[in-house]
Amino acid sequence: MDSVNADRSLVGLKAPDQSEPSSQYRGGLFDTHLLERAFIALLSHRNWVVGCIAACLAIGIIATFLTTPLYTSTSRIEISPQAPVETDVEGAKEKNLTNEVAFYNTQYSLLESRSLAERAVRAGNLLNDKEFVSIYGLNEQDEGFSNSESRQRKSERAAKILLDAVSIAPVRTSSLVDVSFATPSPALSARLTNLWVKQFIAANLDRRYAATSDARQFLEQRIGGLRRNLEDSERELINYATNNNIITLQGRADANGRTTVERTLVSGDIEQVSQALSAARDARIAAESQLNNSFALADASANSAVAALRQRRAELTADLAQLRKIFGEEYPEVVAKREQLESIDRAVAAEAKRSQGINRETYNSAVKRERDLAAELDRITGKYRDQQTRSIEYTILQREVDTNRQLYDGLLQRYKEIGAAGVGTNNIAVVDLAMPSNSPSSPRLFLNILLSLVAGLVLAGGLVFILEQLDQSIRDPAEVNDRFGLPLLGAIPRVDPQHFEALLLDKKSMIYEAYLAAQTNLTFLTHHGAPRSFLLTSTRPAEGKSSSALSIAHVFASTGKKIILIDADIRSPSLNEMLEIENGRGLSNYLTGSEDLDHMIAKSDQFGFDYMLAGPTPPNAAELFSTSRLGLLIEHLQKEYDHVILDSPPILGLADAPLLARCVEGIIYTIDSSSSSARAIKSALSRLRQSGAQIFGALVTKVSRRNEIYGYGYGYGYGYGYGYGADKAPERAN
């Protein structure tokens, strides 16, 4: 691979740096590139940018001149937690902090509540305040309503006016809160602010007193009833357990306080009998084994008599064999020893019969014990099932006891807390009273124009950013070098798939000329011209990978080269569909051990190259590519063909392409220009580079007219170069 990169410099095509996306992203050029892209993005969406800025400026200026001047008065109050607790326990500190945050958020919401506004309207008699009524137009009489209904409607409108005018601003990292009112009158703003604060303090005292008194009365009634329920449920649980002989040996309480019975007396008996039955079954199996092999068991029992007889028999057998060899069968001593041997055999047989009787007695005893224990286990199990049926009611009663106890303990604890807390003192204090303001707080023309301009710029920038992020397609084919660090080998225009084959066979079509230009660029990749073997892959399916492989093979074949195209996508073959033939024997057959290449390779008369189909789909495609047979196949084919081209599976989600890349000189990466998966492309290229694969460059497919907007200079080449002379009639040679 290093020699290939070195040779590239000789033919003028720079080899891409496999470790860095692009040289433009290094050093100071990085900022320049970003500014260039930002400028292009703003320029392409300039109508949106100008519209956003103009709209925001117009809205800001119009709103400034139409807004009534407002005067703001502010009163500062201090709100202290009701029950501060000092503790050194970390968990308690975190819990107290959480409660404190919730307390302050509650107070801020109460300061902006509708009930406080209605209380302020009544306490301040605002419906009879001439200045308030005049400013907000409450002096007009509502037609069609009685006096009481009209006054109620005015009261609701006044409360809504106060809620719209009030502003609550907590002071950071403190217990202070600023309460402000903004109205067209400085004096009215100050009066409303002080009235609001005063009524908030009074409402807080009323709530605390009413809540404490009502809660104590309610809890006293509930605690008495829960105490009686708890006593009744405990008494019923004990009576039921006594009447049904339910004796619990082990139980536990879960995190919710529920009591769970894990073991009873009957379940303990079942465990013991089960263990004894298992031991009896093992003893019966051992006795049965001894019974079936009585002679071996007799030896194993170390019967000294049998051992001595067998030793004597061995000695007599040896002596008898020697005497027979010397004197013959009729010799007296031979006859005597033969009789002794028969006597010993009878003694051994008798001893073996006695041992077999002992083994049978042992086996019968073991079988009887096993049956007795099995019957006992069945009896206890039946008793346990009966007890389980009765324990359902016991569990229900136990759950009722636990529930009543939890309710009783919780209410009793709450009752003690309320009794200890009491009403106490007020936790809200006024720090600063509100004073009338000397200058209006709003509107401010210069600030509003500046804010409108900033808002317009931010809105325009955000809109352009969103549009750019949503569109991650390859708008300019030349971007593949900057975005992915790949040289551009060719750009293929988008055509109707139904006309693709006809256009490819027409040497004056844009499709043929685009692939011819890509084939020309391939000839500059190495010192020996186009790579002898390479594969085409892509990030995902349907990016033009297979059609590009077929087209490049056809263009090479049109130049007089001997080409073979291999459909290496054995998971989802497509070459047979493009050639409109059935997927017969092919690459998968060879990889699984078949050597009959002559029946796997065929010639396409239409496109002029030889091909090898994918073959039957195997269950283990990655394992087949991991073997050395593919490399041997490519080496063999390179001796007969000028170029070996592989149609590889896509990268993401599969391990096939990195395995195939080891067997070829390099990879041509196919990218769909309309694809919005730039992140997926980078991830796929990273996988290829980590595997050590040589990536020659990128082939951008499905290029349309929209790509000319972003490709400075490229649009001319696409619109003019590929179609140049296509519509002219051929001239007659002189």
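The values are calculated or read from the model by the stated rules, or taken from the named source; none is laboratory data. Every value quoted in this text rests on a predicted model; they were computed, and no experiment measured them. Every residue, glycine among them, receives a Cβ derived from its backbone with ideal geometry; neighbour counts consider all protein chains shown. Surface areas here come from the heavy atoms of the whole protein model, side chains and all, with no ligands, DNA or RNA. Shrake-Rupley method; radii C 1.70, N 1.55, O 1.52, S 1.80 Å.
Residue ranges 550-559, 182-191 sort as 550-559, 182-191 when ordered by packing (mean number of other C-beta atoms within 10 Å per residue, highest first).
Listed here are the pairs Lys545/Lys682; Lys508/Lys682; Lys545/Lys639; Lys603/Lys639; which of them are more than 29 Å apart at the Cα? Going by Cα-Cα distance, Lys508/Lys682 fall outside the 29 Å limit. How large is the accessible surface per residue of the stretch 101-193, computed with a 1.4 Å probe and reported in Å² as a whole number? I get 54 Å² per residue for the stretch 101-193.
Near Phe625, once Lys and Arg are set to +1 and Asp and Glu to -1 for all other residues with Cβ below 10 Å from its Cβ, the sum equals 0. Please state the Cα pair-distance histogram of the stretch 34-81 with 10 angstrom bins from zero: what percent is in each bin? Histogram of Cα-Cα distances, whole percents per bin: 19, 22, 19, 17, 16, 7.
When both the stretch 307-356 and the stretch 147-179 are represented by their alpha-carbon centers, they are found 125 Å apart. Protection proxy ranking, highest mean first, for peptides 627-635, 531-539: 531-539, 627-635, where packing is the per-residue count of other beta-carbon atoms within 10 Å, averaged. One compactness figure for the stretch 563-632 is 1.05, namely its Cα radius of gyration divided by 2.2 N^0.38 Å.
Rg/Rh for the stretch 152-217 stands at 1.09; both radii use Cα atoms, and Rh follows the Kirkwood definition.
Here the peptides 560-571, 437-448, 499-510 are ranked by packing, the mean other Cβ count within 10 Å, and the order with the highest first is 560-571, 499-510, 437-448. Among the protein heavy atoms of the stretch 541-662, carbon and sulfur supply 49% of the accessible surface, probe 1.4 Å, non-protein parts ignored.
Based on protein heavy atoms only, the stretch 628-671 ends up with 31 Å² per residue of surface accessible to a 1.4 Å probe. Give, as a single signed number, the net charge of other residues whose beta carbon lies under 14 Å from the beta carbon of Val171, with Lys and Arg counted +1 and Asp and Glu -1. Charge balance in the 14 Å sphere: -1.
A Förster distance of 60 Å, applied to the separation of the beta-carbon atoms of Val431 and Glu393, puts the FRET efficiency at 0.40. Taking Lys and Arg as +1 and Asp and Glu as -1, the other residues whose beta-carbon sits under 10 Å from that of Ser538 total 0. For the stretch 535-618, the solvent-accessible area with a 1.4 angstrom probe is 39 square angstrom per residue.
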